[in-house]
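Beneath this line is the structure, given in structure tokens, with notes to follow.
Just so you know, all these numbers are worked out from the coordinates, no wet-lab data involved. Here the structure is a predicted model, which means the values were calculated and not measured. With ideal geometry, Cβ positions are generated from the backbone for all residues, glycine too; neighbour counts draw on all protein chains shown.
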Amino acid sequence: MGMGVLILIFVSIIILVAYANSKKAAAGSDTRLQVRVSTSFGYGDDVDTSVRPDSVWIPKNKPVSIHDVRIGDGMLYVGTGLPSAEGQRFLEPSLIDPKLPIKQSGEPNGKFHIGYWPEYKELSPEAKYAYLQWLADGRKNPRTNIGFVFIFFYGLERRLLSDSQTSKAALAEAADIINEAQRLLNIYSRHGSFKRYATKFVDFGRVKFTPNKISINVPKEKNYDEFPLSLQVGLSYYCAKTKPIPAEWALYWYQNYPFHKGLRTAAGRCEKEFLTLYEKKYRDKFGAGLMLKEPKKRLKLSYRPATRSISSEQTLTLESLPDALKLIRPLKQIEEVVESAIDELDPYSRYLGRNPGDTSSLPALSLLPKGIDLRGYGDGISGLEETIRKVLGQKSGAVFRASDILDHWSFKSDGKISKNENLSVINLLDRLGYSVEPDIRFTNMKIVPSGKLVVFKKTGDVPDSPTKEYQMAHLILSLAMAVSSSDGEISGEEKRHLANHLQTCLKLSTGERTRLSALFTYLTIEPPKLSSLRKHLEGVNNEQRRAILEFLISIANADNRVDPEEIKILKKIYQFFGFDPESIYHDIHSGQTKYAKEPVVVKTSQYDSSHEYGIPAEKQPKEEALSLDEIRLRSIVQDTNRVFGVLKDIFEEDQAPSNSNQEQEKIDPDLPAIASLDSEHSTIVRKLVERDIFPRNEFEDLCDKFQLLPDGVIETINESFIEAYDDMLIEAEEDLVINQAMSKEILNARTN
Amino acid sequence: MPEQIRTKDRDAIIQSLRAGVVPRLGLHHIQVGRAKEIETLIGDIERIADGGSTIRFVIGEYGAGKTFFLNLIRMAAIQKGFITLHADLSPERRLYATGGQARGLYTELLRNLSTRTKPDGGGLPSVVERFITRALKQAKETGEKVESVIFDSMDQLTELVGGFDFATVVSAYWKGHNQGDEQLKINAIRWLRGEFSTKTDARNALGVRTIIDDLNVYDHLKLLAKFIKLSGYNGMLICLDEMVNLYKLANTQARRSNYEQILRILNDSLQGIASQIGFVLGGTPEFLMDPRKGLYSYEALQTRLAENTFSTAVGVQDLSGPVIRLANLSQEELFVLLRNVRHVFASGNPADYLVPDEALKQFMAYCSKKIGEAYFRTPRNSIRAFVDMLSLLDQNAGMDWKMLLQNIDVSQEENPDTLIEDIEDTPDTVGSRGNDEDDLTTFRL
């Protein structure tokens, strides 16, 4: 319709000139006007300026016959001579002149050639007939030529926007006209241009003519380059009434923001979850909703009609409503909510990308973010919950056969389950309110399908990641449990004492204590295998062993005394490390005296300490049973990085390369490097350029084969390409779009 | 041979100008004049790349094109292999605060972290992954454990405030990737963006004891600059726009604390304490000079920022000081700007120009008649009207520009700053004041 708008501008300029003069002068300028118009459009119309719109308007449901076609629904201009709405010397485009010939043709939905600016008069006799048929048929055939719909719509526009200014009858029809336009919109919204005009027309009409009955619906789809009218009005309304903006409105505001790139895939792929999560987060952040501060500027709506009968833009300033769309900060706030919801849904969404339709399996559900209620996702999840509840009852934790839990997943278990599968179990139980030991996130220990596991209820703070202190507690406890499991010399009580000691002296949080107790239970049943520890220990030299022992003694001594239980266990460890257990007393003694006599180390030794003088900390009163020397403790924790690393290695599970079950990608070392990338990245580039679009999933798999991180690979490749060729190879939003111009250069380089 | 303008750039420029905002891409296609100022800032970028640190105050009247200039410099830095961070200051985003607003600024900066391959922001995960990729490579070559390589290569970071936890979090990202624990990766990125508001949450999610909070924002920026260097980038440039929001703080103490922070940055930069980091701050003349509420109200800043009196006397710009003054556009510059816009519309091909030079002159005459000299001094609306006109011509071949010209809607630009009251706040306010702080402003990205 753009062309038309321009011509209208042209015409309106002339008309404005004409209006500027008096009536008589206007009559005088008619000649000039007529000449200009007829030259630009190439026809002279039989305009009769005495014809009033009311005299040719057929109201709603009044039947009319044109030739032998009977049209029952009315809402048409039928007659001759009606000039355009603004009085120009051309006929109303929607006017049906009953005298003009029509001709029946075989094709009611025919492929008529209808100009860009359809008007009834200009239709061929066959097209006229088809148009009348469409009208007679109730204006509902969805397959009709959209030009017909426009001709009819022009009439509605004129009646509502122009006639209503002078005719009471027309004004009274406003609601009917708007409803009719809405009805057409429901049928013909597939046609983009019509949809744009009609949507805006309906919204504009509602606000202007039926403000009391206005019920604004949230616009469901993104508009092109402007905010939908209904959105403008709705938001401004909330703003004026100082009412909180409902979550739904906020989202559509955000989506219709002209620069909006469109929501990322996850929002569409799992729309239900996205909306739930978004609304929850919106409520969490804004309560009942975002409140807008009323701007001074008033809301001004505008509508430029499709018909060339009305050339001027229709505007409406709503004094009662502020222009809320000028506000930008709320959009940012909404964006944060939207983006964080999408971020959290990404893992689930990617899973669905790899496994289309698999929305409710346990592996899928384990990826759903915490804000989503798992009820209603099928039987799988409730079955699992039931299994746990039966055993656990009112207890806070219990030991399970791992298979009882794992059977709910159908892992292809070959006696082991993968990291991912471990996480699936851990995350899903977490969603049900339980924690598990062993937990790969904390201890690097995987669940053994043929073994046991401990399930316990979550209470209070629940850590998802270990602090350093927790890792220490875990390692020491494991070591102790390992060395004391072989014989019955150390009682359960004594072991528990150690666990308690670790909790206290490493200052674990409540959540960590709960977890450590569960770990303790687990290790009692499934102690670490001494044989495997021994193997790892072989790589640890004497000096390192000594350092570990010193570290253990300092932990034991953290409360300024070493209890008999602790000594008993330490002796075992000494033995295991190949040291004389009896030398422990000497070591404890020197440990104690060391800390008692020396100034406390407040800094690590990386600094040149010769210029600094440490100030001894105030002495802690020693009488208190369990007074921890905070500074000493911190220095223990800080100073033991190295020891800690060695200790950790001892407990590391035998790690075959993490993707041993995957075949490694072959790298041909003879192929030349691309854009100064290393051979791995070059190989990836060679794979990428084979296609225009590389799906994200496949790309991630590809990176996995090289044990590389996908975003890091994209960044590295693009950086090198910009250096070498001044452009990026990969456009990556979700799937990877490969820059074809670039890839041609690569392929050429390959053949050369 | 005329330089072709890429469709992506062309569309981005046109779309932004129509909306009255500064384009994010292809700014060099429409840049007019200011050669010396640009040169100076490019010089700064090179100094940063060589390990130096700089700070510049870009001062200009409303509509003079500060934001445009800042973006241009930012793009130049990106082209030189820099990381850039940018944000507008606002009531919830300040340099210093005790109610979360400084952390708010940090979060915004990190969300807008841009690289050459992600010039629109959102580049943080790419940077972290690039760093880890390097560590992986080293680990493969030496047979060391990835985690130890990560910690070892961040050794110089761990000595700095917050450095150890920073390294722990980066390593948690790696662990998350290695174990397929997406949540851990998300949490790591959230921590790095300063999105954790309590230490307990951070501890539970990542096992670290600290968070990025109001008091250590600047320390973390310095830390980040080092990290970025380790990841293989040349340096880091931070662009802070709308500094006037500090000037508008009603509470003297709050304002002063923010200016103290600026002084700290300025001192670090002048004394070479910080490295590989540059700041560009955009503000209005009153933000700089108002003796009661501007930067000059803080004496230590005034002495460091006061301009070379000799150069002001003879009317030349002294670009060696930290203050760079942007003049408003002249008519002639606007003319060139319009020509550039026309050039962009034609994708850089003069044969496709939609209007002749004559049209530009008439357009300017028309605007001048309607809104006076504001049309070139604050050209946002004139440019918008011009782009609208070209768009119409573009879509409707054969249409005559002369007819369109008389029907153009161009209005005087309102300075949104004059529409907002002072920001009432005390430094002790806890949390974001949230909903009542929306102000009128034009769309800005």
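Can you tell me the equivalent ellipsoid semi-axes for segment A:361-431? Use √(5λ) from the Cα gyration tensor, largest first, whole Å.
Working through the eigenvalues yields semi-axes of 18, 17, 11 Å.
If r is the Cβ-Cβ distance from residue A:690 to residue B:7 and R0 is 25 Å, what FRET efficiency results, to the nearest 0.05?
Working: r = 25 Å, r/R0 = 0.99.
Plugging the Cβ-Cβ distance into 1/(1 + (r/R0)^6) gives 0.50.
What FRET efficiency comes out for residue A:312 versus residue A:248 if R0 is 41 angstrom and r is the Cβ-Cβ distance? Round to the nearest 0.05.
Using R0 = 41 Å, I get an efficiency of 0.70.
Over all distinct Cα pairs, what is the inverse of the mean 1/r for segment B:17-71, reported as the Kirkwood hydrodynamic radius in Å?
Details: mean 1/r = 0.0783 Å⁻¹.
The answer is 12.8 Å.
Counting only other chains, what is the mean number of Cβ atoms within 10 angstrom of the Cβ of each residue in peptide A:291-299?
Taking the mean over all residues of the peptide, I get 3.
Give the share of C-alpha pairs in each 5 angstrom bin for segment A:449-488, from 0 to the last occupied bin, in whole percents, shortest bins first.
5, 16, 12, 23, 25, 13, 5, 1
What Kirkwood hydrodynamic radius, in Å, does segment A:432-508 give when the mean of 1/r is taken over all pairs of distinct Cα atoms and then inverted?
14.0
Please report the Cα spread of segment A:316-445 along all three principal axes, rounded to whole Å, starting with the longest.
Here the spans come out as 72, 36, 30 Å, largest first.
Treating cross-link reach as a plain straight distance, find the lysines whose alpha-carbon is under 20 Å from the alpha-carbon of residue B:293, omitting any fewer than eight places away in the same chain.
Candidates past the 8-residue exclusion: B:248.
On alpha carbon coordinates alone, what is the Rg over Rh value for segment A:259-308, Rh being the Kirkwood radius?
1.19
What number results when the radius of gyration of segment B:46-176, computed over Cα atoms, is divided by 2.2 N^0.38 Å?
1.26
If each residue's Cβ is checked for other Cβ atoms within 10 Å, how do B:363, B:68 rank with the fewest at the top? Provide the component values of the computation, followed by the final result.
Details: B:363 25, B:68 21.
With the fewest neighbours first, B:363, B:68 line up as B:68, B:363.
Just report the Cα centroid separation between segment A:428-488 and segment A:301-348, whole Å.
Using only Cα atoms to place each centre, the spacing works out to 51 Å.
Consider all pairwise Cα distances in segment B:328-380 and report the whole-number % of them above 16 Å. Provide the component values of the computation, followed by the final result.
Working: 550 of 1378 pairs.
Distances greater than 16 Å cover 40 percent of the Cα pairs.
Kindly provide the pair-distance distribution of segment B:238-387 built from C-alpha pairs, with 10 Å bins from 0 and whole-percent values in order of increasing distance.
Per 10 Å bin, starting at 0, the Cα pair percentages come out as 9, 28, 24, 22, 14, 3.
Please go through segment B:76-144 and write out the GluC sites (Glu not before Pro) that DSSP classes as loop and that have at most 14 other C-beta atoms within 10 Å.
Answer in residue order: B:144.
So how far apart, in nm, are the two label points at residue A:387 and residue A:48 if each is 7 Å from Cα heading toward Cβ?
8.7
Please give, to one decimal in nm, the separation of the simple spin-label points placed at residue B:219 and residue A:744, each 7 Å out from Cα toward the Cβ.
5.5
Would you mind classifying segment A:299-390 by shape? Square roots of the alpha carbon gyration tensor eigenvalues, ordered a ≥ b ≥ c; an a/c under 1.5 is rounded, otherwise it is prolate if a/b is larger than b/c and oblate if not.
prolate
Which chymotrypsin sites (Phe, Trp or Tyr not before Pro) does segment A:423-476 hold that lie in a coil by DSSP with at most 12 other beta carbons within 10 Å?
none
Using a Debye calculation, one point per C-alpha and no hydration shell, please list log10 I(q)/I(0) for segment B:180-221 at q = 0.18, 0.22, 0.25 Å⁻¹ in order.
With no solvent term, the Cα-only Debye profile gives -0.47, -0.67, -0.82.
Go through A:332/B:80; A:412/A:446; A:419/A:458; A:535/A:572 and tell me which ones have a Cα-Cα distance over 19 Å in this structure.
The pairs that break the limit, which is 19 Å between Cα atoms, are A:332/B:80; A:419/A:458.
Which trypsin sites (Lys or Arg not before Pro) in segment A:54-138 sit in a loop by DSSP (not H, G, I, E or B) and have at most 15 other Cβ atoms within 10 Å of their own Cβ?
A:60, A:99, A:103, A:111
What are the radius of gyration and Dmax of chain B, computed over its Cα atoms and given in Å?
Reported Rg and Dmax, both Å: 23.6, 74.
Sort A:676-687, B:378-389 for me by packing, meaning the mean count of neighbouring Cβ atoms within 10 Å per residue, highest on top.
Ranking the peptides A:676-687, B:378-389 by packing returns B:378-389, A:676-687.
Which whole number gives the average count of other chain Cβ atoms within 10 Å of the Cβ atoms across peptide B:113-122?
3
Longer than 22 Å from Cα to Cα, which of A:168/A:208; A:296/B:370; B:118/B:229; A:285/B:199 are they? Say none if no pair is.
Among A:168/A:208; A:296/B:370; B:118/B:229; A:285/B:199, the Cα-Cα distance tops 22 Å for A:296/B:370.
Give the calculated FRET efficiency between residue B:256 and residue A:294 to the nearest 0.05, with a Förster radius of 30 Å applied to their Cβ-Cβ distance.
Efficiency for this residue pair is about 0.40.
Rounded to whole Å, give me the distance from the Cα center of segment A:538-553 to that of segment A:502-520.
That distance is 24 Å.
Using a 10 Å cut-off around each Cβ, can you sort A:319, B:159 from fewest to most neighbouring Cβ atoms? Could the numbers behind the result be given before it?
Working: A:319 7, B:159 12.
Lowest count first: A:319, B:159.
At 0.36 nm per residue, and after removing the present C-alpha to C-alpha distance, how many nm does the segment from residue B:28 to residue B:155 gain when stretched out fully?
Between residue B:28 and residue B:155, full extension yields 41.8 nm more.
Assuming 0.36 nm per residue, please report the length gained on full extension of the stretch residue A:671 to residue A:496 beyond their Cα-Cα distance.
Working it through step by step, the gained length comes to 56.9 nm.
For a 28 Å ceiling on Cα separation, which of these pairs sit above it: A:272/A:416; B:8/B:402; A:416/A:648?
Values: A:272/A:416 35 Å; B:8/B:402 30 Å; A:416/A:648 22 Å.
Table pairs above 28 Å Cα-Cα are A:272/A:416; B:8/B:402.
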